[in-house]
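Presented below is the structure to which this report refers.
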Amino acid sequence: MFYREAGQFKTTYAADMAVFPVLQDRIGFGAILAVAYLVLPFASEFLLHVVMIPFLIFSLAAIGLNILTGYTGLLSLGTGAFMGIGAFACYKLTSIFPNVNIIVWVIASGFFAAAVGVLFGLPSLRIKGFYLAVATLAAQFFLQWCFIRIPWLYNYNSSGSIEVPERTLFGIPITGPTATASSRYLVVLAIVAVMTWIASNLVRGRIGRSWMAVRDMDIAAELMGIRLLQTKLVAFAVSSFYCGVAGALLMFLWYGGGESGVFDINQSFFVLFMVIIGGLGSLIGSFMGAALIYTLPIVLRATPAALGVPLRSETVDHLTFMTVGVLIIGFLVLEPMGLARLWQITKQKLRVWPFPY
Amino acid sequence: MRCKHLVLGTALALGTVAIIPVAASAEDSIYVPLMTYRTGPFSASGTPIANGMVDYLNMINARDGGIGGVKIKVEECETGYDTAKGVQCYESVKSKNPIVTTPYSTAITLQVIPKAGVDKVPILSMAYGLSAAADGNVFPWVFNPPSTYWDGASIFVKYVGQKLGGVDKLKGKTIGLVYLDAPYGKEPIPLLQELAKDYGFTLKLYPVPASEMQNQSALWLGIRRDRPDYIYMQGFGAMNPTAVKEAARINFPMEHLIGNWWAGGESDVRPAGDGGKGYLSLDFNVVGHDFPVMQDIIKYVVDKGGSQVASKADVGENFYGRGVLNSMIIAEGIRNAQKLTGRQVITGEDMRRGLESLNIDQTRLDQLGMVGFARPFRVSCSDHSGHHAAYVAKWDGHTWVKDSDWIEPMKDKVLPLIDAAAKQYATSSTGWPKRTEPCDKSS
C-alpha cells in the first residue's frame with residue numbers, strides 16, 4: 001500500500017541504474033541518514049559508545065569481508081589479523097608522525113593492511129574454498145604471533161598494548177580519554193558512510209562485476225578475458241583495506257587502547273558470522289549482520305534488568321547466549337541466503353500487499 | 001506478516017536500550033558494581049573470586065547495616081573475561097554513580113585506565129593490571145595494592161635464594177619462566193632479566209600461546225631437556241592445571257615449580273590429583289575458614305542462603321579469600337572516604353581520596369577479624385601499590401598451606417622499573433593529564 005512504485009517512471013539510463021530506484025527507498029534512506037547524523041549524536045553515551053560506534057565499525061569490517069567472501073567467493077579467516085594490521089599501522093604512524101591528522105593515518109593504515117592482504121592472497125590463484133580458508137588461517141596465526149612478538153609494533157610498551165594518544169580534528173579531541181562519544185561517533189559515521197558509498201560503486205562497476213564473474217565460475221570468467229590473478233588480488237587488497245580501516249577505528253575510536261588479543265581468531269569468526277547471517281554479497285546485509293550478531297546480545301542482556309526481572313548476571317549471559325543461538329539458526333532456516341534476502345522478500349511482499357499474487 | 005513482527009520487535013528492543021541509562025539509583029545507598037566472570041574459559045577462577053567479593057559486602061550489609069549506616073548496593077556485571085563485554089559493563093553502570101571499578105582482567109583494566117580520570121571513578125585492580133599504575137603521581141585514579149607482578153617475580157627469586165641458602169648461590173643456576181603469551185604473562189620478563197644479570201642465573205623463557213593453553217606437552221618436553229632448576233609460572237585459567245599435570249608427568253619436582261598468585265587457585269591443582277602435591281604458589285591471603293571474618297560470612301550470608309557457593313567448604317578457599325580481601329579494600333576505602341569528607345553517601349572522587357590514604361594496620365585487621373588472614377598494608381599518594389610482602393603456599397593434596405614466611409619484594413629493583421614504565425606511559429600518550437588531585441594525609 002505505502003510501498004508501491006506505481007507511477008514512478010524511469011526516463012533515463014541513469015535513473016534505471018540508480019542505487020535506490022524507488023522513491024520510498026530514497027525517503028527511507030534519507031530518514032536513516034538524518035537520524036544518524038542529526039538525532040543520534042545527542043543520544044546517551046551508553047547508546048553511542050556501546051551500541052552505535054562498534055556497530056558501525058563491525059559493519060565496515062563485514063563489508064570488507066563481504067567483498068572477499070560474498071562478492072569474489074574467496075573464503076577468508078584472516079579478518080581479525082587484517083584488522084590488527086590496521087590498528088598497529090595506525091598506532092605506529094601516529095607515534096612517528098604525531099602532527100599529521102589522525103584521520104589521514106586511519107585511512108593510510110588501510111593501505112598497509114591491503115599490502116599484507118595481497119601477500120597472503122597470492123595462494124588464492126591455486127587454491128580455493130576450504131583450502132584457501134586454511135591458508136588465510138595461517139595468515140591469522142602468523143600475524144597474531146607478530147603482534148605479540150615484535151615489540152617495535154607496540155613501541156616496546158611493557159604491557160604489550162596499544163595506548164591511544166589524544167588526537168584532535170579541528171581542535172576537538174576525537175581519540176584518547178577526553179574525546180566525547182558524540183565526536184567519536186560522528187567521525188566513525190562519516191568514514192563508514194563514505195566507504196560504504198565507495199564500496200557500493202565498486203561492486204556495481206567493472207571491478208565488482210569481474211569479482212562476481214570469478215565467484216560464479218572462474219573458468220568462464222577467465223575465458224571472457226578476466227585476469228584471475230589481478231581480480232583476486234584486487235579483491236584481497238580492497239577487502240583488507242576495509243578491514244584495516246575498521247581495525248584502526250576499533251582501536252582508536254572505540255576501545256581507545258588494548259592488547260593484541262582483540263584481533264584473535266574469534267574476531268575473524270565473529271565478522272564471518274556477520275557476513276553469513278547478513279547475506280553473502282550484499283552491503284545492506286553487512287549492516288544487518290553486524291546488528292544481529294553484535295547489537296542483539298547487548299539488547300538481550302539489558303532486557304531483564306529493564307523489565308525489572310531479577311536474574312543473576314551469569315544467568316542473563318547464559319540466556320542471551322541461547323537466545324542468540326536459536327535466533328541465528330532460526331534466521332538461517334527461514335532464509336539461508338541471509339537477512340539481506342529476507343529484507344528483499346519483505347520489500348517484494350510489501351509491494352504487492354494487500355493483494356499478493 | 002512475520003516480518004512486521006520482526007520490525008516491531010526490533011523497534012521495541014531498541015526502545016528498551018534507549019531507556020536503560022535513564023534509570024537512576026537511590027540516593028541513600030552506595031553503588032558498588034563488580035565486574036565478575038562466572039561464564040567462559042576462566043570461570044573456574046572467576047567464580048570463587050566473585051563469590052568472595054559479593055559475600056563479604058553482603059555480610060557487611062547484614063552484620064553492620066552497611067558502612068557508616070549506608071547500605072552498599074552490590075551489583076555484578078558478567079564480563080566472561082572478555083574485553084568488549086567489560087567495556088559494555090563499564091558504560092552501562094556509569095550512569096548509576098559507581099564509586100569504584102573492579103575490572104578483574106588485565107585487558108579490561110588497560111581499557112578503563114584512561115577513562116578513570118575523566119569519569120571520576122577510581123579503579124581498584126588488586127595485584128593485577130598495569131604494574132606501572134603503582135606510580136600515584138602519574139596514575140592518581142588507579143590503585144593496585146598490595147603488590148605488583150614485578151614484586152611477585154622478585155619475591156620468587158628471593159624465595160629460591162633462600163632455598164638454595166643465599167642469593168649468591170643463584171649463580172650458574174637456570175630459572176625457567178612458563179608464561180601465557182599475552183601482555184599479562186610477559187609482565188615479569190624485564191624484571192627477571194635484570195635479576196638474571198645481577199645474580200648470574202640463566203633465564204629461560206617458555207611461552208604458552210593462548211590457543212595452546214591446554215596442549216603443552218611439547219613445551220614440557222623442552223623443559224625436561226633443559227632441566228631448569230626452578231620454574232616461575234605466570235599463567236591463568238586453563239593454562240595452570242595443564243602445566244601442573246604436564247610437570248607431574250615429566251616428573252619435574254613440584255617443589256621447584258612456583259606459580260604467581262593468580263596461578264594458585266584450588267581448581268588449578270586439583271585436576272592433577274596426587275601429582276600436584278607439593279606445587280607452590282605465591283599468595284598474599286592465607287587460606288582457611290577459621291578467621292573471624294570467614295565465620296561471620298558463614299553466619300550472616302552462607303547460612304541464610306544468600307551466597308552462591310556450592311558448599312560451606314568453599315568459603316575460605318584461596319580465590320574466595322582473594323575476593324574477600326578485594327572487597328575489604330573497597331569497604332575500607334568507603335569508610336575512609338566517609339571519614340575524610342564527613343558525608344555518608346560518597347562519590348567516586350571521595351572514594352579516590354579514601355583509597356589513597358588507606359592504611360590498614362594490625363589493630364584495624366584485628367577489628368576486621370582478619371588477623372593472620374592478611375598482612376597490614378598501606379598506600380600513599382605517590383605509591384598506589386605499597387609493594388608488600390607475599391608468602392609461598394604449598395598444595396598438600398587437599399588445601400594450600402603456608403610454606404614460607406612473608407617475603408618482602410626487592411623494592412630497589414622494582415621501583416626504578418615502575419618509574420620508567422609510568423614515565424613512558426605518560427609520554428607515549430600525549431595529553432596524559434598532570435596530576436592535579438590534592439594529596440590527603442594518610443589515615
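Among the numbered conditions (1) under 26 Å from A:Leu68 (Cα atoms); (2) at the interface with chain B (Cβ under 10 Å from one of its Cβ atoms); (3) under 23 Å from the mean Cα position of the chain (by Cα); (4) surrounded by fewer than 17 Cβ atoms within 10 Å (Cβ to Cβ), tell me where A:Pro336 comes up short.
(2)
Give segment A:1-58 a look and list any residue that's charged (D, E, K, R) and either surrounded by fewer than 13 Cβ atoms within 10 Å (Cβ to Cβ) or away from every other protein chain (no Cβ under 14 Å) (or both), or say none.
Across segment A:1-58, the qualifying residues are A:Arg4, A:Glu5, A:Lys10, A:Asp16, A:Asp25, A:Arg26.
Checking the structure you have, find out if any residue of segment B:118-138 is in a helix (DSSP H, G or I), surrounded by fewer than 24 Cβ atoms within 10 Å (Cβ to Cβ) and in contact (Cβ under 8 Å) with a residue 24 or more places away in the chain.
yes
Among the numbered criteria (1) more than 17 Å from the chain's Cα centre (by Cα); (2) surrounded by 24 or more Cβ atoms within 10 Å (Cβ to Cβ); (3) within 13 Å of chain A (Cβ to nearest Cβ); (4) assigned to a loop (DSSP other than H, G, I, E, B), which single criterion is violated by B:Ile99?
For B:Ile99, the failing item is (3).
Residues of segment B:379-391 being surrounded by fewer than 23 Cβ atoms within 10 Å (Cβ to Cβ) and outside any loop (DSSP other than H, G, I, E, B), which ones?
B:Asp383, B:Tyr391
Among residues belonging to segment B:394-424 that are within 14 Å of another protein chain (Cβ to nearest Cβ) and out of contact with any strand residue (DSSP E or B) (no Cβ under 9 Å at 6 or more places or on another chain), point out the one that is surrounded by the most Cβ atoms within 10 Å (Cβ to Cβ).
Checking each candidate, the answer is B:Val414.
Taking segment B:188-212, which residues are surrounded by 20 or more Cβ atoms within 10 Å (Cβ to Cβ) and in contact (Cβ under 8 Å) with a residue 60 or more places away in the chain?
Once the filter is applied, which keeps residues that are surrounded by 20 or more Cβ atoms within 10 Å (Cβ to Cβ) and in contact (Cβ under 8 Å) with a residue 60 or more places away in the chain, segment B:188-212 yields B:Pro188, B:Leu191, B:Leu195.
Among the listed residues A:Val262, A:Val316, identify the single one that is facing chain B (nearest Cβ under 9 Å), in contact (Cβ under 8 Å) with a residue 60 or more places away in the chain and either assigned to a helix (DSSP H, G or I) or over 30 Å from A:Ile174 (Cβ atoms) (or both).
A:Val262
Any idea which of (1) within 14 Å of chain A (Cβ to nearest Cβ); (2) over 29 Å from the mean Cα position of the chain (by Cα) is the one B:Tyr179 doesn't satisfy?
Going through the list (1) within 14 Å of chain A (Cβ to nearest Cβ); (2) over 29 Å from the mean Cα position of the chain (by Cα), B:Tyr179 breaks only (2).
Which of the following residues is at the interface with another protein chain (Cβ under 10 Å from one of its Cβ atoms) and modelled with pLDDT of 85 or more: A:Ile345, A:Ile284, A:Ile293?
Of A:Ile345, A:Ile284, A:Ile293, the one residue that is at the interface with another protein chain (Cβ under 10 Å from one of its Cβ atoms) and modelled with pLDDT of 85 or more is A:Ile345.
Please verify whether segment B:88-96 includes one or more residues that are assigned to a helix (DSSP H, G or I), over 16 Å from the mean Cα position of the chain (by Cα), surrounded by fewer than 23 Cβ atoms within 10 Å (Cβ to Cβ) and more than 9 Å from chain A (Cβ to nearest Cβ).
yes
Could you list, in sequence order, the residues of segment A:321-357 that are free of Cβ contacts under 8 Å to residues at least 12 places away in the same chain, of a type outside the set (D, E, K, R) and not in a helix (DSSP H, G or I)?
Within segment A:321-357, A:Pro336, A:Phe355, A:Pro356, A:Tyr357 qualify.
Across segment B:220-246, what is the number of residues that are buried (at least 18 other Cβ atoms within 10 Å of the Cβ) and assigned to a helix (DSSP H, G or I)?
Count: 10.
What's the number of the condition A:Gly279 fails, among (1) within 24 Å of A:Leu48 (Cβ to Cβ); (2) more than 7 Å from every other protein chain (Cβ to nearest Cβ); (3) surrounded by 24 or more Cβ atoms within 10 Å (Cβ to Cβ)?
The number of the failed condition is (1).
If I filter segment A:67-82 for residues that are in contact (Cβ under 8 Å) with a residue 60 or more places away in the chain, among the polar types (S, T, N, Q) and part of a loop (DSSP other than H, G, I, E, B), do I get at least one hit?
Yes.
What number of residues within segment A:168-196 are in a strand (DSSP E or B) and either in contact with a Cys (Cβ under 7 Å, 6 or more places away or on another chain) or within 8 Å of chain B (Cβ to nearest Cβ) (or both)?
The total comes to 1.
Among what's in segment B:394-430 and is among the hydrophobic types (A, V, I, L, M, F, W, C) and in a helix (DSSP H, G or I), pick the residue that is farthest from B:Asp274 (Cα to Cα).
Among residues in segment B:394-430 that are among the hydrophobic types (A, V, I, L, M, F, W, C) and in a helix (DSSP H, G or I), the one farthest from B:Asp274 (Cα to Cα) is B:Ala426.
Which of the following residues is out of contact with any strand residue (DSSP E or B) (no Cβ under 7 Å at 6 or more places or on another chain) and within 14 Å of another protein chain (Cβ to nearest Cβ): B:Lys120, B:Lys169, B:Lys173, B:Lys197?
Exactly one residue qualifies, and that residue is B:Lys120.
Residues A:Phe55, A:Phe42, A:Phe20: which one is more than 17 Å from the chain's Cα centre (by Cα) and closer than 30 Å to A:Ala237 by Cβ?
Result: A:Phe20 is the single residue among A:Phe55, A:Phe42, A:Phe20 that is more than 17 Å from the chain's Cα centre (by Cα) and closer than 30 Å to A:Ala237 by Cβ.
Can you pull out every residue in segment B:425-435 that is touching a residue at least 24 places away in the same chain (Cβ under 8 Å), more than 23 Å from the chain's Cα centre (by Cα) and within 14 Å of chain A (Cβ to nearest Cβ)?
B:Ala426, B:Ser429, B:Trp432, B:Pro433, listed by residue number.
The values are calculated or read from the model by the stated rules, or taken from the named source; none is laboratory data. Being a predicted model, the structure only gives us computed values, none of them experimental. Please note: Cβ atoms are built from the backbone with ideal geometry, for glycine as well, and neighbour counts cover all protein chains shown.
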